[in-house]
Amino acid sequence: MSARSSSLAAIAVFAAIGLPLGGIAALQHSDTAPGQAGPGRTDVMANLFEWNWASVASECTDVLGPAGYAGVQVSQPADSLRRTELGNGSDTVLHPWWEIYQPVSYELTSRMGSEAQFRAMVKTCRKAGVKVYVDAVVNHMTGQGSVSYGGTKYSHFAYAGLYDASDFHQKGTDCPSSTGGIEDFNNLQQVRKCELVGLADLRTDKPKVRNELAAYLNRLIGYGVSGFRVDAAKHVGQDDLIALQKKLNRTLDGDKPYVALEVFGGGPGTLSPEAFTGAGAVLGLDADIQLKNAFKSYPADATGSLATLRDFGAGLPASGRTLTFVQNHDTERNGDSLNYKDGATNLLAQQFLLAYGYGTPQVYSSFAWEATDASPPSSADGIITDTDCASPAWVCVHAEKAVTGLVSFHNHVGRAPVTHWWDNGGNLIAFSRGKAGWVALNNDKVPHTETFGTGLAAGTYCDVTRGSVTQGRCSGPTVTVDARGQARVTVAAKGAVAFTKADRV
């Protein structure tokens, strides 16, 4: 997020160019992906960005649990900046989405609800079989304002009972830049010890600061939280992240907290995403760029080439150390990725990610926006209102049948390898996941009919992109696989067909 006066105008700009405003990582990382053991691999996470706690709780019970989601990422829950006037980053939106990325204290009073509502949400989600992962801001405090949503008064370097000026990096003594901000994002000292767009930068190497952060995160763990997305992790640095993780407790399930670190690509050596994988998982911020280029590319109306995805993951951090997604709140706004406005193309990309198996997949849902700093649907005082997926104000990608069908597919095929790859050199592809499942995806604007080798046994299978099996009957279209494991299938324009061996009818 951005800082005081003129510096804050940069917030939306930095979000737009891909500088960290939020992230997920493993403070105390687990060597396994999040989720419980299931028929195959149940690790799919939904990211319900800036949903209030009551709405998240309801969604866990009504949608996420029944659909097979293993986890849900929720927004930064700590008390944060509440803007009282325009300017400093937005001249048109009083309560932009990025307010929550400027924490004032570690009390759980936020735009999303109270501490009691947060605790109830975590309990409800866990009861539904959905683990909760929290977006954690540990690099900085605020860059503007003087009052929080909880009513706490503060100044840039003074947070009563928590931090004072000695707990922050200062221009001249710590930060070598002329402004006190990061001027060169390839300069290691500036990246770690200068202010990110004017946000008061914590001395995360200081024992007092580490103890305060650990106490906050351990309180969340005690409430049932299973892990964290670590915002701006690149600016914390590997040593401080590892030191902090050592202070964290195990979760209620007895595991180390799963953590994914926000580290944007493009930095050299020590600043690269790969260099952070020893401190936890990293966000798939280069993977979502590859997906955009394959599904949409850059000339006007271009569709890229899905055939290029045969080697998806090549040149990226290891699959077991990556939290992957088609978009998140930064990349949907800065142009690095597809977003909900891409409609059927966006859904198709979500289906591919779930089917292919690279990384721990996350499906992003949030609110509709035009301006990049738009507020989620809120009351006049900035409190986020209940989510209504039937309203155009909200975008519930995670609940689309095209997506939930592939969540089921992903869970059933587990870690089976990609086999029987087929493509037409353009935008029609198909592949099996061992002998566990088969999928075809068509990114063209016209349907295609082909005969494919599926790798599955002869029989009739339910297409889970449009139906499901109940009491041996399919509620949608079916596909017949012959004795040779082949099937003649028509794949709709901007559509997919998928089934697993469990979908045989």
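The values are calculated or read from the model by the stated rules, or taken from the named source; none is laboratory data. None of these values were measured; they are calculated from a predicted model. Using ideal geometry, Cβ is built from the backbone for each residue, glycine included, and neighbour counts are taken over all protein chains shown.
Matching residues to (1) in contact (Cβ under 8 Å) with a residue 60 or more places away in the chain; (2) in a strand (DSSP E or B); (3) out of contact with any strand residue (DSSP E or B) (no Cβ under 9 Å at 6 or more places or on another chain); (4) over 30 Å from E400 (Cβ atoms):
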{"site": "A57", "(1), (2), (3), (4)": "yes, no, yes, no"}
{"site": "T61", "(1), (2), (3), (4)": "yes, no, yes, no"}
{"site": "G65", "(1), (2), (3), (4)": "yes, no, yes, no"}
{"site": "Y69", "(1), (2), (3), (4)": "yes, no, no, no"}
{"site": "Q73", "(1), (2), (3), (4)": "yes, yes, no, no"}
{"site": "A78", "(1), (2), (3), (4)": "yes, no, no, yes"}
{"site": "E85", "(1), (2), (3), (4)": "no, no, yes, yes"}
{"site": "H95", "(1), (2), (3), (4)": "yes, no, no, no"}
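Is region 67-87 home to any residue that is more than 21 Å from L283 (Cα to Cα) and either at pLDDT below 95 or of a type in the set (F, W, Y) (or both)? Full working, then the answer.
Just the residues of region 67-87 that are more than 21 Å from L283 (Cα to Cα), to begin with: 67-68, 78-87.
Now drop any that are not either at pLDDT below 95 or of a type in the set (F, W, Y) (or both), which leaves none.
Looking for residues that are more than 21 Å from L283 (Cα to Cα) and either at pLDDT below 95 or of a type in the set (F, W, Y) (or both), one finds none in region 67-87, hence no.
Select from region 29-48 the residues that are among the polar types (S, T, N, Q) and more than 15 Å from the chain's Cα centre (by Cα) and write down the one among them that is modelled with the highest pLDDT.
Step one: filter region 29-48 for residues among the polar types (S, T, N, Q), giving 30, 32, 36, 42, 47.
Checking the rest, the ones that are also more than 15 Å from the chain's Cα centre (by Cα) come to 30, 32, 36, 42.
On the way: S30: 41, T32: 43, Q36: 41, T42: 84.
Looking at residues that are among the polar types (S, T, N, Q) and more than 15 Å from the chain's Cα centre (by Cα), I get T42.
In contact with a strand residue (DSSP E or B) (Cβ under 7 Å, 6 or more places away or on another chain), small (G, A, S), closer than 30 Å to I242 by Cα and modelled with pLDDT of 95 or more: does that describe A368? Walk me through how you get there before you give the answer.
Working: in contact with a strand residue (DSSP E or B) (Cβ under 7 Å, 6 or more places away or on another chain): yes; small (G, A, S): yes; closer than 30 Å to I242 by Cα: no; modelled with pLDDT of 95 or more: yes.
So A368 fails the test.
Kindly provide the set of residues from region 449-471 that are surrounded by 18 or more Cβ atoms within 10 Å (Cβ to Cβ), among the hydroxyl-bearing types (S, T, Y) and more than 17 Å from N411 (Cβ to Cβ), ordered by number.
Passing the criteria: only T454.
When you go through (1) farther than 30 Å from Q245 by Cβ; (2) more than 13 Å from the chain's Cα centre (by Cα) one by one for S319, which number turns out not to apply?
(1)
Can you name the residue in region 97-132 that is among the β-branched types (V, I, T) and outside any helix (DSSP H, G or I) and, of all such residues, is surrounded by the fewest Cβ atoms within 10 Å (Cβ to Cβ)? Steps first, please.
First, the residues of region 97-132 that are among the β-branched types (V, I, T): 100, 104, 109, 122, 124, 130, 132.
Keeping just the survivors that are outside any helix (DSSP H, G or I) gives 104, 109, 130, 132.
Working: V104: 26, T109: 21, V130: 27, V132: 25.
It comes out as T109.
Only one of L199, L213 is assigned to a helix (DSSP H, G or I), within 24 Å of the chain's Cα centre (by Cα) and either in contact (Cβ under 8 Å) with a residue 24 or more places away in the chain or in the same structural domain as A46 (by TED's automatic domain parsing) (or both). Can you tell me which? Full working, then the answer.
Working: L199 fails: assigned to a helix (DSSP H, G or I).
Going through L199, L213 in turn, the sole match is L213.
Given the structure, is A436 buried (at least 20 other Cβ atoms within 10 Å of the Cβ) and assigned by TED's automatic domain parsing to the domain that holds G453?
Against the criterion (buried (at least 20 other Cβ atoms within 10 Å of the Cβ) and assigned by TED's automatic domain parsing to the domain that holds G453), A436 qualifies.
Return yes or no: is W51 modelled with pLDDT of 95 or more, under 20 Å from the mean Cα position of the chain (by Cα) and assigned to a loop (DSSP other than H, G, I, E, B)?
yes
For region 325-341, check the following and say yes or no: at least one residue is part of a strand (DSSP E or B) and buried (at least 24 other Cβ atoms within 10 Å of the Cβ). Walk me through it before giving the result.
Taking region 325-341 first, the residues part of a strand (DSSP E or B) are 325.
Filter once more, keeping what is buried (at least 24 other Cβ atoms within 10 Å of the Cβ): 325.
Checked against the condition, which is being part of a strand (DSSP E or B) and buried (at least 24 other Cβ atoms within 10 Å of the Cβ), region 325-341 yields at least one hit.
So for region 159-169 (the condition being in contact with a His (Cβ under 8 Å, 6 or more places away or on another chain) and buried (at least 20 other Cβ atoms within 10 Å of the Cβ)), does at least one residue qualify?
Going residue by residue through region 159-169, those that are in contact with a His (Cβ under 8 Å, 6 or more places away or on another chain) are none.
Looking through region 159-169, none of the residues is in contact with a His (Cβ under 8 Å, 6 or more places away or on another chain) and buried (at least 20 other Cβ atoms within 10 Å of the Cβ).
Name the one entry in G267, G315, G304 that is at positive phi, part of a loop (DSSP other than H, G, I, E, B) and surrounded by fewer than 20 Cβ atoms within 10 Å (Cβ to Cβ).
Numbers: G267 fails: at positive phi; G304 fails: surrounded by fewer than 20 Cβ atoms within 10 Å (Cβ to Cβ).
Only one candidate passes the filter, namely G315.
Might you let me know whether region 244-254 holds any residue that is crowded, with 16+ Cβ neighbours inside 10 Å, outside any loop (DSSP other than H, G, I, E, B) and at pLDDT 95 or above?
Checked against the condition, which is being crowded, with 16+ Cβ neighbours inside 10 Å, outside any loop (DSSP other than H, G, I, E, B) and at pLDDT 95 or above, region 244-254 yields at least one hit.
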